[in-house]
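To keep things clear, I will list the structure first and then write my remarks on it.
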Amino acid sequence: MSNYNLICPLPLDSSEIITLAHGGGGRLTRRLIEGVFLPQFANPSLQILHDGAVFKHNGGRLAFTTDSYVVQPIFFPGGDIGTLAVNGTINDLAMCGALPLYLSVGVILEEGFPVAQLQRIVASMRSATEVSGVKIIAGDTKVVNRGKEDGIYINTAGIGFIEHHLDITPASISPGDAVILSGDIGRHALAVIAMREDLDLEIPIFSDCAPLAEPILKLIAAGVEVHCLRDLTRGGLATALVELADSSRTHISFSESAVLVSEPVRGLSEMLGFDPLYLANEGRFVAFLPEKEVDKAVDILHTYSVSAGAAVIGQVSASDKGMVTMTTIIGSSRRIEMLSGEQLPRIC
């Protein structure tokens, strides 16, 4: 378990107001968690700051997670808010090394929302659960006044079973670990923004939204000593690595040339002024494991379409404080920090 400090060094002023950047997964999100929620809800499960909580029950271990989805537009190339909600929750359980089993779904609808669109979203959710073999076993529906919401918001919670002895948490990251990235980055965020802004792209960009449990559980079943996993949602690869380096008090270094960015994503990012390292993904993860396990792990990941682009991008070394550095394409070293603002609001 990490030695997480529950007292925020820069407490939130009670007169401060919430901005969109507080939900962007960057420095303000972290400050909100540290300054408001953790001091009130402090307990060992929350202190780990992982994608879900792991706890013992009847001699076994379970993982539990919850998430909310407010993406706009609600339909985008490669998915919709329904597939995003199901796959996102499945992936959080998978990052704990759990077999996803059951979900609950809470749907908040705005007065006037078309029933045909709701039916389409629910059908997408059903299809996503069938692909992953999970069941939706509880739910709730609320309707708010017209103008009080952007059509539909979805909250999901999930529970999964852990069938192994590994402690897959940020605290398990160790000097000497290799860092594996499961594929190219940035597609989800740009698929959403392209649809939102009605951009006419020569080569369409599709979200990478997909379930990740199958390749991860295969790694574990094959005996790979996985230390930590993290899916790259809000804040992207850069924010995930900074969070993990901070929690594990290690130095994570990686190579820019090893990070796969498709040409359409790279081109649109340059045009719009975005850094792909900070763009959200919904079907990508990083894995931390001993160097000796790398070849075996990459071979396994390459057998699944969702992780066919898996490659080693970096390594972990000892440090007296958490930090992330990147060797750039031209050979210089760049310190990677969390974003202080919001690159793209409402992308998940």
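The values are calculated or read from the model by the stated rules, or taken from the named source; none is laboratory data. In this text, all values refer to a predicted model and were calculated from it rather than measured experimentally. Note that each Cβ is placed from the backbone with ideal geometry, even for glycine, and that neighbours are counted across all protein chains shown.
Residues are listed down the side, and each one gets a yes or a no for (1) in a loop (DSSP other than H, G, I, E, B); (2) touching a Phe, Trp or Tyr at 6+ places or on another chain (Cβ under 8 Å); (3) not assigned by TED's automatic domain parsing to the domain that holds Pro290:
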| position | (1), (2), (3) |
| --- | --- |
| Val192 | no, yes, no |
| Asp200 | yes, no, no |
| Pro204 | yes, no, no |
| Ile216 | no, yes, no |
| Ile220 | no, no, no |
| Glu225 | yes, no, no |
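Tell me yes or no: at least one residue of the range 1-19 is within 17 Å of Arg346 (Cα to Cα) and at pLDDT below 90. Checking the range 1-19: at least one residue is within 17 Å of Arg346 (Cα to Cα) and at pLDDT below 90. Regarding the range 157-179, can at least one residue be identified that is over 30 Å from Leu219 (Cα atoms), assigned by TED's automatic domain parsing to the domain that holds Ala63 and at pLDDT 95 or above? No, the conditions are met nowhere in the range 157-179.
Exactly one residue out of Leu118, Leu201 is within 20 Å of Val261 (Cα to Cα), surrounded by fewer than 20 Cβ atoms within 10 Å (Cβ to Cβ) and either over 20 Å from the mean Cα position of the chain (by Cα) or among the charged types (D, E, K, R) (or both): that is Leu201. When each of Ile300, Ile330 is tested for being at pLDDT 95 or above, in a loop (DSSP other than H, G, I, E, B) and aliphatic (A, V, I, L, M), the lone residue that passes is Ile330. Note on the range 312-323: residues that are crowded, with 17+ Cβ neighbours inside 10 Å and closer than 16 Å to Cys228 by Cα amount to 6. Within the range 299-310, can you find the residues that are small (Gly, Ala, Ser) and either crowded, with 16+ Cβ neighbours inside 10 Å or not assigned by TED's automatic domain parsing to the domain that holds Ser257 (or both)? Selection gives Ser307, Gly309, Ala310. With respect to (1) touching a residue at least 12 places away in the same chain (Cβ under 8 Å); (2) outside any loop (DSSP other than H, G, I, E, B), the lone exception for His50 is condition (2).
Scan the range 249-278 residue by residue and report those that are among the aliphatic types (A, V, I, L, M) and either assigned to a strand (DSSP E or B) or loosely packed, with under 14 Cβ neighbours inside 10 Å (or both). Hits for the range 249-278 are Ile252, Met271.
Scanning the range 114-166 for residues that are of a type in the set (Asp, Glu) and either assigned to a strand (DSSP E or B) or free of Cβ contacts under 8 Å to residues at least 24 places away in the same chain (or both) turns up Glu130, Asp140.
Within the option set Leu62, Leu38, being assigned to a strand (DSSP E or B) and not polar (S, T, N, Q) holds for one residue only, Leu62.
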